[in-house]
Amino acid sequence: MRKLKLLYKRIPYALKHPLQNKYNKSIIEEKFDMQRDDNLKYLFKRNEADTWKNNFHKLWGSNKNINEILCAFTDDKIELVKSCDKEEEGPILISVVKNEGHRIKSFINHYRVIGVKKFAILDNDSNDGTREWLCNQDDCEVFLTHQPYSTYRREGWINRLLSHYGFNKWYIVVDSDEHLVYPDNEIIDINQFISIIKDKGYSRVRSLMLDMYPKEEINPDKTNIDSNYISQYSYFDKDTYTVTEELGGLMVKGGPRQRIFNLDVYLTKHPIFYFQAGDIQGHSHYQYPYNKNQGLPCFSALLHYKFLNSDLKKYEERVKSQSFYNGSEEYKQYLELFKNNKDITFYYENSKKYENSKSLLEIDFIKHLH
């Protein structure tokens, strides 16, 4: 039955819903035309507007939240507030941030160490100094939007930045709490890694979101160890994962979020990709068209620093705004457990310490490049 559902999903939307498909196309045309001389002027000038219209049209039947993504792409004001003169050498890293003053330096420095030369950071109206710090970095281009955040609005923003820089380039799209690693990243920089990926015939890279935690208890009311969170949050689950075949590719679930919170969330992302005409970011975990994600080995992980001691306030804001997936239901569960249990430990008998990139190979489905 599950395979039949997958096969049905792969039938082109236009064949299943011809009248609705025609109507959707008219909406896309209208949205783009309204921004011809404003937000999307650069696309019409570069003769790429029709390509992006087609991208959204194809995505429509595969994503029920496409209208929100489309409106964010066409309508939201995004301003370039600081440019940089660095040439594009290797992948461009794209991220959306808001009030990440305690994470942003470690985040940028991690990617500099593995060889990223250019950052495109969209600041969502930070007021804690995040944007000011970014504007002082020679390798960062900084964008600003005052629009309220939502999970799918973010995908519209990511697409705007991708359209700004253009097709036929490699990109890294990550959140500020995600540090990309892969076996031997201490000696193989990101450009060498991508070169190997290309030689293997892949245009996207599958990663495991590896939730990191300390050996001691986590108390989100405390704030005193965030400045040293990389060394403190150095443990991960070795053997609590399941892998299933989904429309978006091979998807992993499990880890401490299932073990502790009983949450059934995707832990697979595709953060590195070669972006071509016909591609579009429709989901934070994978890009469209989905067939490019099928059968990809897992060569990398995102060290995910999601549960810092000072994150309770952020969770409260996300629950109040209901702006994350499913009305921020995931964060409601975090809050409930943390508020009822002041000291929670994620550590268990099969937790492994992250010593270096070879530690990733403790997880049986993460493969070495060679």
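For the reader, a short list of remarks on this structure follows.
- Between LEU210, LEU80, LEU40, the Gaussian network model of the chain with springs among Cα atoms under 10 angstrom shows the greatest mean-square fluctuation at LEU80.
- Solvent-accessible area assigned to carbon and sulfur over the chain amounts to 47 percent, based on a 1.4 Å probe.
- Rounded if a/c under 1.5, otherwise prolate or oblate - the range 69-178, Cα gyration tensor axes: oblate
- Three-way shape call for the range 249-370 based on the alpha-carbon gyration tensor, with the a/c threshold at 1.5: oblate
- Cut-off 14 Å between beta-carbons: net charge of the residues surrounding LEU70, Lys and Arg +1, Asp and Glu -1: +1
- Across the range 94-191, the relative contact order, built from alpha-carbon pairs under 8 Å that are at least six residues apart, equals 41 percent.
- On Cα atoms only, tilt of 151-165 relative to the major axis of the chain in degrees: 70 degrees
- Average accessible surface for the range 251-370: 43 Å² per residue, computed with a 1.4 Å probe over protein heavy atoms with every protein chain in place.
- Near THR151, once Lys and Arg are set to +1 and Asp and Glu to -1 for all other residues with Cβ below 11 Å from its Cβ, the sum equals 0.
- Computed with a 1.4 Å probe over protein heavy atoms only, the accessible surface of the range 41-167 comes to 40 Å² per residue.
- Between 0 and 90°, nearest 10: helix 190-199 axis offset from the chain longest Cα axis: 60 degrees
The values are calculated or read from the model by the stated rules, or taken from the named source; none is laboratory data. Bear in mind that the values here come from a model prediction, so they are computed numbers and not experimental data. Cβ atoms come from the backbone with ideal geometry, glycine included; neighbour counts cover every protein chain shown. What goes into the accessible areas is simple: the full protein's heavy atoms, side chains included, and nothing from ligands, DNA or RNA. Shrake-Rupley method; radii C 1.70, N 1.55, O 1.52, S 1.80 Å.
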